[in-house]
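Data block below; observations after.
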Amino acid sequence: MEITELIGKAREGDARASEHLFAVLYDELRRLAAGQLRGAEVMRATSLVHEAWLKLAGHGAVVVNDRSHYFSVAARVMRQIVIDHVRARGALRRGGGAAPASLDTTALQVAAEERDESLLALDAALVRLAAVDADLAALVEMRFYAGLELSEIADAQQRSESSLKRDWRRARAFLQREMMPA
Amino acid sequence: MDRRAARWNAVAAAFDALVELDPAARAARLAQLRGEDPALAEEVATLLRADGSDVPLLDGDALQALPNLHPGERDDMAAGHRIGAYRLVRRLGEGGMGVVWLAERADGGFEQTVALKLLKRGMDTHAILHRFLQERRILARLAHPHIVRLHDGGMSDDGRPYYVMDYVDGEPLTTWAAGKQLDVRVRVELLAAVADAVAYAHAQLVVHRDLKPSNVMVDAHGAPRVLDFGIAKLLEPDNGQAHTDTGLRVLSPAYAAPEQILGEPIGTATDVYALGLLLCELLVGRLPHQRAATVGHLVQTVGDEPTERASALAARLARGDVAALYGSAVDARRLARELGGDLDLIIATALQREPARRYATAAALAGDLRRWLAGRPITARADSAAYRARRFVRRHRLGVAAGVLVALSLLGGLGAALWQARIASAEAQRAEAARASAEQALLRSERVKQFILALFHEQDPVARARAQARTPAELVREGIAEVDRNLAGEAALQAELLRDLGEIQLGVDEPAHARDTLQRAWELHQRVSGEDSAAAAETLAAYAEAVYAAKDVATAEPLLREAIRRLQNAAPDRLTRLAQVESTLALIELVAGRKDQAERLARHALDLERRADDGHGTQLAARLATLGMVQQESGRYDEALASYREALAIVAARNGPDHARAALLHVNVADVLRVQRHYPQALVEYEAALRIERRQLPAGHRLIGITLIRLGDLQRRMQQLDAADRSLSEAITILAPAKSGQYAQALQFHATLARARGDFTLAVQRYGESFEAFRAVTGDSLYTWLTALMHADALVDAGRLDEAERRLQAARSALARMPPDEYAKLYATGVGGRLHHAQGRIEAAIQQRRVALEGLLAMYGAEHADVQEARVALASSLLAAHAPERRSEAADLLQAAHAVLAGRDDPDARALVGSALLERGRLRHATGDLAGARGDIVQALRELQLRPGDARRLREARAFARGLGLATTR
């Protein structure tokens, strides 16, 4: 099934199409993420999401709504990929003993490992945010997990960037408060 | 909408309204809100606080927090794979830049196990490789017990850059220290050793730029080893903007100094910063700052990022954290106490935001760490008198107690306090003085380094496009202006730097500026260091060299002698400098014709340099070349060749066979071989010189032109006329812009070539141009007027006899005004003879040619080629007189010439033989020996056809042959 078709059906509420779309995107994005890792050091989630879109949707004309829906699903997919990975790595570390000695672990990696806990905390905070404001949680998914710029989200959702900026600031404050040590 | 969501909507609205306000207005509105709805106000307040704090995680994107998404990811290289001369053995690890392999040499050269780092794809491979090749030699020269040696590098078959270094079987410094649960003192000692290594590299003008725990390993013997020196620079994008994504991706943001993040200039202080971070992490297992994950955010915040004290970090460590670092016997409070005070201050000094406020050098940091270890006052706190006294008392607790008791009994409390303070301050002053002198030395090397970096910066095309390009010479002049501006108060340092910069000016071929700079440096040194100091003597030597280079030989000579005297008295250990000065003086003696003095000096200079030889060999080669020149001028060609060839061997062995210096020596060797008439060997040497020059010098460089002149002239002598034409034409093109003496020389050689090819029009033109060029450069010199004579000679060839006569007259009267020169006089006489012969004024021609022959005989003896030419010429005029009584003299002359030339096979000799045969044919014809005349003329035609330059004689011979009824081919 064409991705645009899937998106269309998912948008109309087709639960199976929605599930299928998620799975397709999950595989594709995870593959792209892994592929990109072999090349550049700094990954940009946004380019992954865009790349997947180009690949899946081809170069055919797409309606704006489809694109918007794609972004929100892709953002959720990315969130899932990240959290799966963090959990898998935690399990690996707990079960796998010491990590192999590396001549050159970048500080970024060290920092990243220290952030696993924060990522899990963020995920939990996001669940709480979704409970009071689902749109705000979706925005965080698009901004943080899919790495989209606010201007792109504004385009996709046909909203003003300044109001998105306010939303983002509010969401950020909420999550930060939730994650701050008591 | 449920209650919680409704509540959140109210909170959100209030937050949105308040967050935009300034702090005062915000506080007022919050107070108002508290009156209306305290719970709501409280919730908004916590949100506002959260808004004001840093959320490094959220401000990045998720994947940045997860660079290792595929921990099991492996690329396609496998053990056994071959890269360059190395075979991969075992994978050691993987990092941000690439994969590290244990490897061994695969070319059977010698047993060697190394670490080979294969960079990842996606980096700017070509730029990296280019920079790597440029810097490889510098990096490979870093030889220090605490630096991991770089061996090699290149590009793998699949196009990825790699480099090869010593394999260190160990673990990162921080991990190792924790594993061994080392105490604070041992950790500080380790870091001081690392700082030593960094200081050493700085002295070699290499900045690490990426010091972090994974780059400082501890080997099996417990010695720290710093990896990847200078590598970060290779991986940076060409425009040097480190704060772009591409730039920072090769850095580790957590360990980068603020100037690296902000794209400001990077220097030795950058490494000092990293050493500070390393020390902090080594001591407390934490970095003193928290940093944003995204580059953009980091750039905004790093300027005023808070840096925590190491002791404060230590105080907050959990029991388990401390135990993991130091073992369970140490607790956080004790650790915090040990780090508080001096170590905190040392770290804070290294971590100053402004590079200029950090320790000036890694050596200064190492110095303070060792002072701390010895319980002595650290320089970072040298301004606190109370501190010094406290430190002093702590160290001499017993002694002070006793001293104080004695002093109290003798002098009372005040005296004791003064006494104590005086000793403490003397101690601090000593430390201060040591620091000042060390820092001054390092400041000097830092300035020189910055200067050199600036030079390189200008070569960067982006910088060049951005700023107006400056030549190295201009840069040096700016450097001098800066030294004068900034260091006017520090005369000693100013003098040192002026000497360095003056010598660089000499190197970039600005002798007049160099002379002025070095003169000032000398005067300064005489004032600050004393007239008889070693520094003044050395600077005088440099100044004298510059005066000589500026071609003021008369002034240079006494200065050089004075420099030798002063160096022998004040700096007898500066052998290289002394040798250099003696060598220059040798050249002056040589030009003055005092060959014995010249040789004595050149030999002595060489002996000195052989004793001093620093292993680089440049100076030794230069001393050998000077001796070679002296030997060459003395006509001892084989000895000269031996000297030049030894110099060549040294340069080849130490700088590589293609070093630019080797080119000059090849030219020297070729010059000697040419004089010895070993033409084919000389040709090989000139071509070698040219090959090197074309590779090492920019296209169109003057030296290439100068070598081409010599090569072209040799090719003409070897009858490779087309090749000669190419060489000399290129030489003229290269040298034309400067209109130098060499340019005039090239024109003259090209004219001589044109004449040899029978192109008399071109010959006339080129001699004319050469004459003008010589006159413009050298004025009324011998060169100018000898060229005028050649011009007149060529005008005779071209049949333009009136012009020839005028030019000859001018040359003769000019030469009469100059000190007599026998050769010029004879040459003028010879040209006069030719001209008169061509004009049909045979008696005048006979008279002049006779004078010329007698002069040449006296000068060269009977065997010289010029003498045979003069004999044939005189015979030709004698025969042209058609007077029987003169025939026997002509016959004798031809017989004599023939006898000398008979055994010779070179083209010049054979052409002369042809000319002589033509004349003998005429003689025999005149005496009625027709058969003999025919025989001679047939032979003459054969010889004269060999050289296009003999076209005129050939035409005469053909006309004569036809007169004899012989068929000649046209």
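The values are calculated or read from the model by the stated rules, or taken from the named source; none is laboratory data. Since the structure is predicted, the reported quantities are computational estimates derived from the model, not experimental observations. Methodologically, a virtual Cβ is constructed for each residue, glycine included, from the backbone with ideal geometry; neighbour enumeration extends over all protein chains shown. With ligands, DNA and RNA removed, areas are computed over all heavy atoms of the protein, side chains included. Shrake-Rupley method; radii C 1.70, N 1.55, O 1.52, S 1.80 Å.
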**Asked** Does B:ALA816 satisfy the condition of being more than 23 Å from B:TYR860 (Cβ to Cβ) and either open to solvent by 50 Å² or more (accessible area, probe 1.4 Å) or in contact with a Ser or Thr (Cβ under 6 Å, 6 or more places away or on another chain) (or both)?
**Response** yes
**Request:** Working carefully through the options B:ALA103, B:ALA143, find the one that is away from every other protein chain (no Cβ under 12 Å), at pLDDT 85 or above and open to solvent by less than 70 Å² (accessible area, probe 1.4 Å).
**Result:** B:ALA103
**Filter result (open to solvent by less than 20 Å² (accessible area, probe 1.4 Å), in contact with a Lys or Arg (Cβ under 7 Å, 6 or more places away or on another chain) and small (Gly, Ala, Ser)) within region B:915-948** = B:SER915, B:GLY932, B:ALA933
**Prompt:** Which residues, counting only those in region B:608-656, are among the charged types (D, E, K, R) and under 28 Å from the mean Cα position of the chain (by Cα)?
**Reply:** B:GLU609, B:ARG610, B:ARG611, B:ASP613, B:ASP614, B:ARG623, B:ARG645, B:GLU646, B:ARG654
**Asked** Which one is farthest from the chain's Cα centre (by Cα) among residues in region B:513-537 that are under 23 Å from B:ALA473 (Cα atoms) and open to solvent by less than 50 Å² (accessible area, probe 1.4 Å)?
**Response** B:LEU524
**Message:** With the condition being touching a residue at least 40 places away in the same chain (Cβ under 8 Å) and under 23 Å from B:ARG691 (Cβ atoms), I'd like the helices (runs of 4 or more DSSP H) fully within region B:585-675 carrying at least 2 qualifying residues.
**Reply:** B:618-633, B:660-675
**Request:** Among the candidates B:ALA625, B:ALA598, B:ALA652, single out the residue that is surrounded by fewer than 20 Cβ atoms within 10 Å (Cβ to Cβ) and among the hydrophobic types (A, V, I, L, M, F, W, C).
**Result:** B:ALA652
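Let's see how each residue does on (1) more than 27 Å from B:ARG757 (Cα to Cα); (2) at pLDDT 85 or above; (3) outside any helix (DSSP H, G or I); (4) hydrophobic (A, V, I, L, M, F, W, C):
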site	(1), (2), (3), (4)
B:VAL900	no, yes, no, yes
B:GLY921	no, yes, no, no
B:HIS925	yes, yes, no, no
B:THR969	no, no, yes, no
**Request:** Assess whether B:ILE734 counts as being within 28 Å of the chain's Cα centre (by Cα) and surrounded by 24 or more Cβ atoms within 10 Å (Cβ to Cβ).
**Result:** no
**Asked** Are any of the residues in region A:12-30 out of contact with any Cys (no Cβ under 6 Å at 6 or more places or on another chain), at pLDDT below 65 and in a helix (DSSP H, G or I)?
**Response** no
**Prompt:** Looking at this structure, is B:ALA763 within 40 Å of the chain's Cα centre (by Cα), closer than 19 Å to B:ARG952 by Cα and crowded, with 16+ Cβ neighbours inside 10 Å?
**Reply:** no
**B:ALA549, sole failed condition from (1) at pLDDT 85 or above; (2) over 28 Å from B:LEU601 (Cβ atoms)** = (2)
**Request:** Tally the residues that are touching a residue at least 12 places away in the same chain (Cβ under 8 Å) and in a loop (DSSP other than H, G, I, E, B), restricting the search to region B:206-221.
**Result:** 9
**Fill in**
When every residue in region A:118-129 that is more than 7 Å from chain B (Cβ to nearest Cβ) and touching a Leu at 6+ places or on another chain (Cβ under 8 Å) is compared, the one modelled with the highest pLDDT is A:LEU129
**Members of region A:133-182 that are assigned to a helix (DSSP H, G or I), more than 23 Å from B:LEU48 (Cβ to Cβ) and away from chain B (no Cβ under 11 Å)** = A:ALA138, A:SER151, A:GLU152, A:ILE153, A:ALA154, A:ASP155, A:ALA156, A:GLN157
**Message:** Consider region B:844-860. How many of its residues are open to solvent by less than 30 Å² (accessible area, probe 1.4 Å) and not hydrophobic (A, V, I, L, M, F, W, C)?
**Reply:** 3
**Message:** Pairs please, first residue from region B:327-349 and over 17 Å from B:TRP372 (Cβ atoms), second anywhere and among the hydrophobic types (A, V, I, L, M, F, W, C), Cβ atoms under 7 Å, 6+ apart in sequence or on different chains.
**Reply:** B:VAL330/B:VAL322; B:ASP331/B:VAL322; B:ALA332/B:ALA314; B:ALA332/B:ALA315; B:ALA332/B:LEU317; B:ALA332/B:VAL322; B:ARG333/B:ALA315
**Prompt:** Within region B:324-331, is even one residue of a type in the set (Ser, Thr, Tyr), under 44 Å from the mean Cα position of the chain (by Cα) and either in the same structural domain as B:TYR255 (by TED's automatic domain parsing) or modelled with pLDDT of 50 or more (or both)?
**Reply:** no
